[in-house]
Every structure is written in structure tokens, then in C-alpha cells.
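A short write-up of the structure that comes next.
The values are calculated or read from the model by the stated rules, or taken from the named source; none is laboratory data. Keep in mind that this is a model prediction, so the values were computed, not measured. We place every Cβ from the backbone using ideal geometry, glycine too, and count neighbours over all the protein chains shown.
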């Protein structure tokens, strides 16, 4: 049985949407408030948060509580944010950066009930796979994973972007991102010949670190999904793709 926790105004938490989800086989739905979230030991399978009538300080406290629970939970809890009014997306992005597993956060602006129901339904199979994986991975006679383990796993994700001498390689990064080396050279403020001759030069390491940090997202997705994400318009980025945003910025010095 999967748990759906609904946070929002009374008419939202208790209305037609909740009744619709309650009728879905395999789900149990409850409503809560901020104190209820703080009191929980772990997040449920899915937390549905309506912030339409919530203001800055309240949203700040709410996202802080949810992020802390996601960090301490040993279960794959997803959080879906809903807002039926326009918001400062830069400010909202700042809230989302708090979450240790941003890949399990979804945001919808002015969605219909059908869209949200479909989103929750789509998460179901992923939850089944993650729970099965966790149950196999956690053995009672072994120590529980620590934050240091998570850090090492993230760093290991981008080992394939480094040359034999340990430096980041422009060629390996351009291959992963599937971008021309000439385009990367322009962004770095270097000539194409420089990158071709010494793709792991010390002089380009500072600029390549931006690409390495973004590539750490592969800890939660495949290389193919990562490249697809780079080229998908994102409403939190003013409907630009991450790749467009990267190359619209200032060149590295």
C-alpha cells in the first residue's frame, strides 16, 4: 500500500481530488499541516503540496521541513508542488535547491486534477522498483549508508570525465554533452586548437568544473536521460533548456 500525504487548504485536501485518489487501488490518502510534517519520522511515498495561498516565509518553513525529512528518510519519498498563481521562479528554484534528492521533486503551475492524478499514478511503478531495491540493499548486519557514502558516490559519477592524470578533459565532457569541441572552446575563451592539443590543460580546469558539477546529476539518471534533460525546456528556467542557459552565460575566465 502506498501513502499519499496531501498538504494544502482544507477544500484542496478534503475535496474531489482526494476522493478521486482514495478510490485508486493500492493508495491510502491523508491530509496534514506543517506540524504534521515536522512530527513525521519519514516522508510518505508522495507528498502533494498546494502552495497557491502560501506566502514567502511559510513556503520557506515548509520547504525546509520537507527537505530535512527527505534527507533523513530511508524511503524514496516524492514531493509534488502545485501553485495556481504565478510565482517568482528564481525564488522558487532557491527553495528547491534545499532538497538532497531534487530528482524526486516535481512542480506544476495551474495543473488540472487530471494532470496531477496522472503524475501520482506515473510515480507508482518507480516507487515499487525503488522500494524493492532498498529492501535488498539494506542488510541488518551492515552499517547504514552515511552522508560521506553519498558524497563519494556523487564524485565517482564524474570519474569518466577525467584524463589519466586526474584533470577534467574537454574532449570527454564534449562527448558526454554531445556538443562540438569548438562550441566548448568558445565558452571557455580558448581556441579550438588549444583544446584539441591539450584537452585536460590546467588552464581550462576552472571552466570545465561547471560542466562536471552539472554532470553529477548522472548519479540519479542514465547518460541518455542526462542528455535528454539538457535539451528539454524547463519551466523553472523560463522555458529554456539547461544547455541554452549554460551557453547563454558569461564565458569562463
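Per the listing 80, 37, the residue uniquely part of a strand (DSSP E or B), outside the structural domain of residue 218 (by TED's automatic domain parsing) and either touching a residue at least 12 places away in the same chain (Cβ under 8 Å) or closer than 24 Å to residue 236 by Cα (or both) is 80. Residue 222: crowded, with 16+ Cβ neighbours inside 10 Å, without any contact (Cβ under 8 Å) to a residue 24 or more places away in the chain and outside the structural domain of residue 90 (by TED's automatic domain parsing), yes or no? No, not satisfied. Residue 70 meets all of the listed conditions (1) free of Cβ contacts under 8 Å to residues at least 12 places away in the same chain; (2) under 18 Å from the mean Cα position of the chain (by Cα) but one, namely (1). Quick check on my filter: what residues within segment 83-106 are farther than 23 Å from residue 122 by Cβ and not in a helix (DSSP H, G or I)? Answer for segment 83-106, where residues must be farther than 23 Å from residue 122 by Cβ and not in a helix (DSSP H, G or I): 85, 86, 87, 88, 97, 98.
Looking at residue 199 and the list (1) outside any loop (DSSP other than H, G, I, E, B); (2) more than 28 Å from the chain's Cα centre (by Cα); (3) touching a residue at least 24 places away in the same chain (Cβ under 8 Å), which single condition is not satisfied? Condition not satisfied by residue 199: (1).
Residues in segment 175-196 that are surrounded by 12 or more Cβ atoms within 10 Å (Cβ to Cβ), within 31 Å of the chain's Cα centre (by Cα) and free of Cβ contacts under 8 Å to residues at least 40 places away in the same chain: 175, 181, 182, 184, 185. The number of residues in segment 163-179 being touching a helix residue (DSSP H, G or I) at 6+ places or on another chain (Cβ under 8 Å) and over 11 Å from residue 209 (Cα atoms) comes to 8. Residue count for segment 173-213 under the criterion of being farther than 15 Å from residue 162 by Cβ and in contact with a strand residue (DSSP E or B) (Cβ under 8 Å, 6 or more places away or on another chain): the result is 0. The residues of segment 52-67 that are assigned to a loop (DSSP other than H, G, I, E, B) and either within 17 Å of the chain's Cα centre (by Cα) or free of Cβ contacts under 8 Å to residues at least 40 places away in the same chain (or both), listed by number, are 54, 55.
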